[in-house]
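The values are calculated or read from the model by the stated rules, or taken from the named source; none is laboratory data. Since the model is a prediction, treat every value here as computed from it, not as a measurement. When we count neighbours, we look across all protein chains shown, and the Cβ atoms used for this are built from the backbone with ideal geometry, even at glycine. Note: areas computed on protein heavy atoms with side chains; ligands, DNA, RNA excluded. Shrake-Rupley method; radii C 1.70, N 1.55, O 1.52, S 1.80 Å.
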Amino acid sequence: MSEKQDHIPGAVVRISEIVGSSPNSFSDAVRNAVQAAAQTVRGIRGVEVIGSNADVDENGNLSLYKVHCKIAFVVER
């Protein structure tokens with residue numbers, strides 16, 4: 001995560017790791033991960049992709065894109 005000072009002053013930020021996937025692209029996998037996390041986590045402020053990989057089908061085509069991400073969100077007090 002970026003160490004920018006554009007967060008809420010005095011806030012406590014928590015970092016959680018998640019994995020997202022998509023049959024279409026790495027970008028979609030990131031979007032899916034953040035959208036799924038946003039259903040139960042409020043105050044998401046950023047995402048960092050730590051790693052990515054893909055499954056390959058029997059024809060040598062990429063069949064499932066996966067991303068390992070960290071999400072940062074503000075801890076509510």
Q: Note the listed values (1) 4, 18, 23, 23, 16, 9, 5, 1, 0, 0; (2) 3, 16, 23, 19, 15, 10, 6, 4, 2, 1, 0; (3) 3, 12, 10, 12, 11, 9, 8, 6, 6, 6, 7, 6, 2, 0, then indicate which one is P(r) over Cα pairs in 5 Å bins from 0, in percent calculated from this particular structure.
A: (2)
Q: Calculate, for Lys66 and Ala11, the FRET efficiency according to 1/(1 + (r/R0)^6) with r their C-beta to C-beta distance and R0 30 Å; round to the nearest 0.05.
A: 0.45
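If you roll a 1.4 angstrom probe over the protein chains with everything in place, what fraction of the accessible area of the stretch 4-71 belongs to carbon and sulfur, to the nearest %? List each step's numbers first, then the result.
Numbers: 2200 of 4660 Å².
Taking all protein chains in place, the stretch 4-71 shows 47 percent carbon and sulfur surface.
Just add up the charged neighbours of Val41: K/R +1, D/E -1, any other residue whose Cβ is under 13 Å from the Cβ of Val41.
Details: positive: Arg14, Arg42, Arg45, Lys70; negative: Glu17, Glu76.
Charge balance near Val41 sits at +2.
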Q.
Show me, for the stretch 50-64, the HN-Hα J-couplings you get by feeding each phi into the Karplus relation (A = 6.51, B = -1.76, C = 1.60, θ = phi - 60°), rounded to Hz, glycine and proline as x.
A. 8, x, 8, 7, 8, 7, 10, 7, 5, 9, x, 9, 5, 10, 8
Q: For Asn24, enumerate residues with amide H under 5 Å from its amide H, sequence gap 5+ or separate chain, H modeled in the peptide plane.
A: Tyr65
